[in-house]
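One structure below.
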Amino acid sequence: MIQTPGGTWQRRFGDSLMGSLSTPKVMLERGEGCQVWDVDGKRYLDFLAGIAVNALGHAHPALVSAISEQAAKLVHVSNYFATEPQLALAERLKRITGAGDRGRVYFGNSGAEANEAAFKLARLNSDGGRRTRILALTNSFHGRTMGALALTGKAALREPFLPMVEGVEHIDSTIDALEYAMGDDVAALIVEPIKGEAGVLDLPHGYLELARELTEEHGALLILDEIQTGVGRTGSWFTFQQFDIVPDAITVAKGIAGGVPIGALVTFGDASDLFEAGQHGSTFGGNPLATAAADAVLAEIERSGLVLNALVRGDQIRAAVESMESPLVDEVRGRGLLIGIGLTQPVAAEVSARCLEAGLIVNAPNDSSIRIAPPLVVGDAEVDEFTAIFSTVLKGLS
Ligand SMILES: *Cc1c(COP(=O)(O)O)cnc(C)c1O
């Protein structure tokens, strides 16, 4: 542990950072590609990528130069002015989402803010006050701000902060629950195509297609939270593109700017007409620094074929984990490079701690799930290294 004038860094953390964060085990200093180094010089293979954020890995030259070049021109101008990076990114998002000419983009600064905008979009679909209900799923995660928290389907996260914003109902992630809950008084249904924070849980077969059918029939918006599943991670630009549906809106954040904070709401078709001038905004939202970073990340994903890489490497990792034939592995979930490993025993925290000790970063979103979300640039050598460490850790525990 590094000694500093203020004591160990862990004591400094506890003494100065808000108690809402627990003290980390490791302090990181730098990174390169899929590797990071801590302050003691120990190297780690990063198979979490800041929770599906560092799409290009660490210190990628395309991101480094986009940030530094833009920082030397303009970092911020306010929404009284337009900038080229903001327009270029919005246009690119319309293209890669397939929203096309009828698409519109709102920029905020985080996933939660993208979902706040989606929440307001849902309220605007009220049909003169007749649509009062917003449906979300139990066990879902949509962020920590009050609106996003109201959408989040984990009672333990909401409870200390009651009362919640009104009008949200949480339903089970089943076809039956969806059919039962849907009606003409529903303004929107918000769904993660794969529930990342819940442990990378897939939706039931046919769920998204039925959700599209029912929301359309009843005039409700279908809003997909693609904050964790988007930006190439699951093997297509956005996960909904692997299904035969077009949503009314998606929210995007995490991987889009490779770690620079930004979030976006992208609307499709008539949902693009709901907001009027002055109804929503953010001081930092759409600033030239963050939008230039995001545009560079998306351009690099496209140039280097990283969406396909996510698919190929994801299959490789999945096959490697399955071939370990560990009695601890119950199932392998998710798509592309968003992978959940369901364990047969509640030892996920121990698995993740032993991996960290052995120089591999993964995480345990709950007692019995391991989440793997490496940078989209991950290659053969890294998959091999992951396989070696992870299988050793599983053997040590079974
Ligand atoms: C991370 C996440 C959020 C919240 O994003 P923040 O940037 O932390 O506010 C919302 N929805 C999903 C699905 C997420 O994974």
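The values are calculated or read from the model by the stated rules, or taken from the named source; none is laboratory data. Not measured: the values here are computed from a predicted model. FYI the Cβ positions are ideal-geometry reconstructions off the backbone, even for glycines, and counts take in every protein chain you see. Please note that ligands, DNA and RNA were not included when accessible areas were found on the heavy atoms of the full protein model with its side chains. Shrake-Rupley method; radii C 1.70, N 1.55, O 1.52, S 1.80 Å.
State, to one decimal in nm, how far the label point of E357 lies from the label point of I175, with both points 7 Å from Cα in the Cβ direction.
4.6
Just need the relative contact order of the chain here, percent rounded to a whole number, with Cα pairs under 8 Å and 6+ apart.
It rounds to 22 percent for the chain.
Would you mind counting up the charge near L149? Only other residues with Cβ under 12 Å from its Cβ, with Lys and Arg at +1 and Asp and Glu at -1.
Within the 12 Å Cβ shell, the charges total +1.
Could you give the spread of the C-alpha atoms of the chain along their three principal axes, from largest to smallest, in whole angstroms?
Principal extents (Cα only, largest first): 60, 53, 43 Å.
Which percent, to the nearest 5, of DSSP beta bridges fully inside the chain are antiparallel?
65
Counting Lys +1, Arg +1, Asp -1, Glu -1, what net charge surrounds G31 among other residues with beta carbon under 12 Å of its beta carbon?
-2
Helix-only mean residue ellipticity at 222 nm, the chain, DSSP H runs n ≥ 4 weighted -39,500 (n - 2.57), per residue, nearest 500. What is it?
Values: 13 runs with 142 residues, N = 398.
Helix-only estimate at 222 nm: -11000 deg cm²/dmol.
Measure nothing fancy, just the Cα-based angle from helix 84-97's long axis to the longest principal axis of the chain, in degrees from 0 to 90, nearest 10.
Roughly 90 degrees, rounded to the nearest 10.
In the Gaussian network model of the chain, springs joining C-alpha atoms below 10 Å, which of G278, G334, G263 carries the largest mean-square fluctuation?
Residue with maximal mean-square fluctuation among G278, G334, G263: G278.
Any idea how far apart R30 and V77 come out in nm if each label point goes 7 Å out from Cα toward Cβ?
About 3.4 nm separates the two model spin labels.
Hey, what does the equivalent ellipsoid look like for the stretch 1-137, semi-axes from the Cα gyration tensor as sqrt of 5 times each eigenvalue, largest first, whole Å?
37, 24, 16
Quick one: putting +1 on the C-beta of Lys and Arg, -1 on the C-beta of Asp and Glu, what dipole do you get for the stretch 297-348 around its Cα centre, in Debye to the nearest 20? List each step's numbers first, then the result.
On the way: 5 positive and 7 negative charges, 30 e Å.
So the magnitude is around 140 debye.
Just order 316-324, 285-293, 247-255, 143-151 by mean Cβ neighbour count inside 10 Å, highest at the front, would you? Present the calculation step by step, with values, prior to reporting the outcome.
Working: 316-324: 16.9, 285-293: 25.1, 247-255: 28.7, 143-151: 20.9.
Ranked from most to least packed, the peptides come out as 247-255, 285-293, 143-151, 316-324.
Could you give the length gained on full extension between V165 and E209, defined as 0.36 nm per residue of separation minus the Cα-Cα distance, in nm?
Working: separation 44, 0.36 × 44 = 15.84 nm, distance 2.86 nm.
Residue separation times 0.36 nm, minus the Cα-Cα distance, leaves 13.0 nm.
Percent of accessible area on the stretch 73-303 owned by carbon and sulfur, 1.4 Å probe? Don't jump to the answer; show the numbers that get you there.
Values: 5000 of 9460 Å².
C and S fraction of accessible area: 53 percent.
How long is the gain from D244 to S65 if the chain were fully straight, where each residue apart is worth 0.36 nm and the alpha carbon distance is subtracted?
Details: separation 179, 0.36 × 179 = 64.44 nm, distance 3.76 nm.
Net length gain for the segment: 60.7 nm.
Could you pull out the pairs from K195/K395; K25/K120; K94/K120; K25/K195; K120/K154; K94/K195 whose alpha carbons sit more than 30 Å apart here? Mind dumping the intermediate values first?
Numbers: K195/K395 28 Å; K25/K120 38 Å; K94/K120 20 Å; K25/K195 26 Å; K120/K154 21 Å; K94/K195 24 Å.
Table pairs above 30 Å Cα-Cα are K25/K120.
With θ taken as phi - 60° and the coefficients 6.51, -1.76 and 1.60, list the Karplus ³J(HN,Hα) couplings across the stretch 331-344 in order, rounded to whole Hz; mark glycine and proline as x.
The phi angles translate into 7, 10, 10, x, 9, x, 9, 10, 10, x, 10, x, 9, 7 Hz.
Under unit Cβ charges (Lys, Arg +1; Asp, Glu -1), what dipole magnitude, rounded to 20 debye, does the chain have relative to its Cα centre? Provide the component values of the computation, followed by the final result.
Details: 32 positive and 50 negative charges, 217 e Å.
Computed charge dipole of the chain: roughly 1040 debye.
Can you order the peptides 15-27, 345-357, 169-181 by their average number of other Cβ atoms within 10 Å per residue, highest first? Mind dumping the intermediate values first?
Details: 15-27: 9.8, 345-357: 17.5, 169-181: 15.1.
So the order, starting with the most tightly packed, is 345-357, 169-181, 15-27.
Where only protein heavy atoms count, and the probe is 1.4 Å, what is the accessible area per residue for the chain in Å²?
44
Picking from T8, F275, L328, whose Cα lies most toward the positive end of the charge dipole for the chain (charges on Cβ: Lys, Arg +1; Asp, Glu -1)?
T8
Could you tell me which of P261, L157, A299 has its Cα farthest along the dipole of the chain towards the positive end, charges placed at Cβ (Lys, Arg +1; Asp, Glu -1), taken about the Cα centre?
The listed residue farthest towards the positive side: P261.
Can you compute the modelled spin-label distance between D38 and D101, with each label point 7 Å from Cα toward Cβ, in nm?
Each label point lies 7 Å from its Cα, and together they span 5.6 nm.
Summing Lys, Arg as +1 and Asp, Glu as -1, what charge do residues with Cβ under 9 Å from the Cβ of P193 carry, P193 excluded?
Its environment carries a net charge of -2.
Treating the angle as unsigned and between 0 and 90°, give the value, to the nearest 10°, between the Cα long axis of helix 348-357 and the longest Cα principal axis of the chain.
Approximately 50 degrees, to the nearest ten.
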